Amino acid sequence: MIDLQKAGFQYEKSERKSIHAISCSVRKGEIIVVTGESGCGKSTLLRCINGLCPGFYEGLVDGNIFIMNRNCSDMSVGDISRLVGTVFQNPENQFFTLDVLSDLVFGCENFGIAKAEIERKLDYVVNLLKIKPFLGRKLAELSGGEKQKIAIASALMMETEILLMDEPSANLDYQSIQLLRETIAVLKSRGYTLLIAEHRLYYLNDLIDRLLIMADGTIRQTCSRKQLKSLGDSMLHAQGIRGINLFQHGAPLIPLNKKRDQGTVLLSLQNISFGYDRKKKILHDISLDIRNGDQVALLGKNGCGKSTLAKVLCGLLNENGGKIVFQGENQPAKKRTQQISYVMQNVDFQLFGCSLYDDLLLGSENIPNVDMKIKEALAKLNLLNMIDDHPMTLSMGQKQRLIIASSYILRKRISIFDEPTSGLDYRSMKTVCSLISSFAGDQNASIVISHDYEFIMNSCNRVVLLENGRIAEDFQLSNRMQLEHIFKERL
């Protein structure tokens, strides 16, 4: 189905090849998972197969790629899209309309597929992914995880024999990942060929036919399903790759605070409510105290209001009711931005500079020794060798680390991170764990929105669970069983 012969690609204006000398074949009906550390070339490999490199991303191509015995160099991106469907890492990159239903049928309509056939496809995909409640909604109203589901559904609507998925679980809650796993199993049973770039291997380890481990732009190791299980998590971790067992019971990377003294209240939310439409509230009577030393994991299912609460907290949105008090003083939204930093779920919204250095300098020009601090932050996050690169040339995981570096330099009293590890490998996740934990000292606090069990277990000391816009649980995190129960039963 797919045959790569010494394939390589170098982006325009880049001094190095993103991928090189890749030779492998993917047979009909196989599920191949591609993994490796952030920036190793996984996304570029998928872009070469679907024709976006060089059809959209200009650059130099090496070798040959054949799809169903046809050379990609002889086909347009449109021709390839009839054979290969793609789920992008950032779901917003593949939306073309304003509402869910229109976007689901957009591709089929553009290919001139008959209305009755489109309705058949729609009915199948909606039931498979359980997305009927979303059909009447606007895309802008959806959470990141909900957008991810629609992106997967849009790709499935085309019913191509080959499907590429780039980090499909990145923004999904635990139950949605289980549904994704079931969907992939159904597709495999129907003879689909899947190539999945992924950091999280635990939900795929019983489905894959082969695992391709990439490093420095090429395939370094190939494992069968049996070989993968025999490798064990320790061998994968040594290569910077996440393990295949999610709920482990060993010692955490950063020891949990079994008992923590109650610090001084930094921020107090008192009966906060919010709704984009006043007739439909998203947040209901939220009351919450954030104290010095808190490392809060804000958990909840996709669409429960976590990101909305974060935006209200940091002043990007004005609460409709209640008040927010910072160190005993009522703080309007404009003032809160001075004390609270926010790393968004879609990091592209926060990249403005022409180089990594310029991007970190924006807003931090008046910080003492800022040049030294920028280089220190980049070094901590393994980005110093890319200091002069344009931020938009980075992988998703590298972009996330860049924005986290910005928060590290600013060091505001409260730092909020929205899905900071969705594109991160094991090694980068460990680094970010340590960095975020250092944010919450005696005088500061951090709040993390995440569906990443490993990350939460190793960077947080308190859990706040949001359900339907209300706080359902709030407890100190002292052991793994507490968090495992929340994931399996409530997320």
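A short reminder: the numbers here are calculations on the coordinates, not readings from a lab. Worth saying up front: this structure is predicted, and the values here are computed from it rather than measured. Note: ideal-geometry Cβ built from the backbone for every residue, glycine included; neighbour counts use all protein chains shown.
A simple charge model with +1 on the Cβ of Lys and Arg, -1 on the Cβ of Asp and Glu and nothing else charged puts the dipole of the stretch 2-239 at about 560 debye relative to its Cα centre.
Rounded to the nearest 10 degrees, the angle from helix 225-238 to the longest Cα principal axis of the chain is 40 degrees.
Put in line by how crowded their Cβ is, counting other Cβ atoms within 10 Å and starting with the fewest, K42, K121, K281 read K281, K121, K42. Charge dipole of the stretch 315-407 (Cα centre as origin; +1 on each Lys and Arg Cβ, -1 on each Asp and Glu Cβ, all else neutral): 380 debye, rounded to the nearest 20. About the centre of its Cα atoms, the chain shows a dipole size close to 940 debye [charges on the beta carbon of Lys, Arg (+1) and Asp, Glu (-1) only; nearest 20 debye].
Taking every DSSP beta bridge with both residues inside the chain, roughly what % is antiparallel (nearest 5)? Present the calculation step by step, with values, prior to reporting the outcome.
Values: 42 of 77 bridges.
Close to 55 percent.
Summarising the label geometry, the points placed 7 Å from Cα in the beta-carbon direction at T264 and Q327 lie 0.8 nm from one another. Modelled this way, with points 7 Å down the Cα-to-C-beta line, the labels at E161 and D358 are 4.7 nm from one another.
Counting neighbouring beta carbons within 10 Å and listing from fewest to most, the residues R200, R401 come out as R200, R401. The distance linking the stretch 79-147 with the stretch 345-360 is 29 Å (Cα centroid to Cα centroid, whole angstrom).
By the count of neighbouring beta-carbon atoms within 10 Å, fewest first, T222, T86 end up ordered T222, T86. Positive end of the dipole of the chain, charges at C-beta (+1 Lys, Arg; -1 Asp, Glu), about the Cα centre: which of M429, L4, A215 has its Cα farthest in that direction? Toward the positive end, the furthest listed residue is M429. Using the Cα centre of the chain as origin and beta-carbon charges of +1 (Lys, Arg) and -1 (Asp, Glu), tell me which of S287, A440, T337 is placed farthest towards the positive end of the dipole. It is S287, whose Cα lies furthest towards the positive end.
Of all DSSP bridge pairs formed entirely within the stretch 2-239, close to 55 percent run antiparallel. Derived scalar couplings between HN and Hα for the stretch 123-137 equal 4, 5, 5, 4, 6, 4, 9, 6, 10, 4, x, 8, 4, x, 9 Hz in order, rounded to whole Hz, by the Karplus curve 6.51 cos²θ - 1.76 cosθ + 1.60 (θ = phi - 60°), x for Gly and Pro. Helix 144-157 and the long axis of the chain differ in direction by around 10°, with both axes built from C-alpha atoms.
Hey, could you get me the Stokes-Einstein D for the chain, Kirkwood radius over alpha-carbon pairs, 37 °C and 0.692 mPa s, rounded to whole µm² s⁻¹? The estimated diffusion coefficient comes to 140 µm²/s. For G36, the residues whose amide H sits under 5 Å from its own are M214, ignoring neighbours fewer than 5 places away on the same chain, with H placed 1.01 Å from N.
Tell me whether the stretch 265-490 comes out rounded, prolate or oblate; compute the Cα gyration tensor, take square roots of the eigenvalues as a ≥ b ≥ c, and use a/c under 1.5 as the rounded threshold. Kindly include the intermediate steps, with their values, before the conclusion.
Numbers: a/c = 1.71, a/b = 1.37, b/c = 1.24.
It comes out prolate by the Cα gyration axes.
Here the mean projected area of the convex hull built on the C-alpha positions of the stretch 2-239 is 12.9 nm². Quick check: from the Cα gyration tensor, does the stretch 149-301 come out rounded (a/c under 1.5), prolate or oblate? Taking the square roots of the gyration eigenvalues as a ≥ b ≥ c, the stretch 149-301 is oblate.
With both bridge residues required to lie in the stretch 163-235, what share of the DSSP beta bridges run antiparallel, to the nearest 5%?
Working: 6 of 10 bridges.
The antiparallel proportion sits near 60 percent.
With the helix formula -39500 (n - 2.57) applied to DSSP H stretches of n ≥ 4, the chain reaches a computed 222 nm mean residue ellipticity of -10000 deg cm²/dmol.
When the Cα positions of G59, Y202, M158 are compared along the charge dipole of the chain, Y202 comes out farthest toward the positive end, with charges on each C-beta of Lys, Arg, Asp and Glu.
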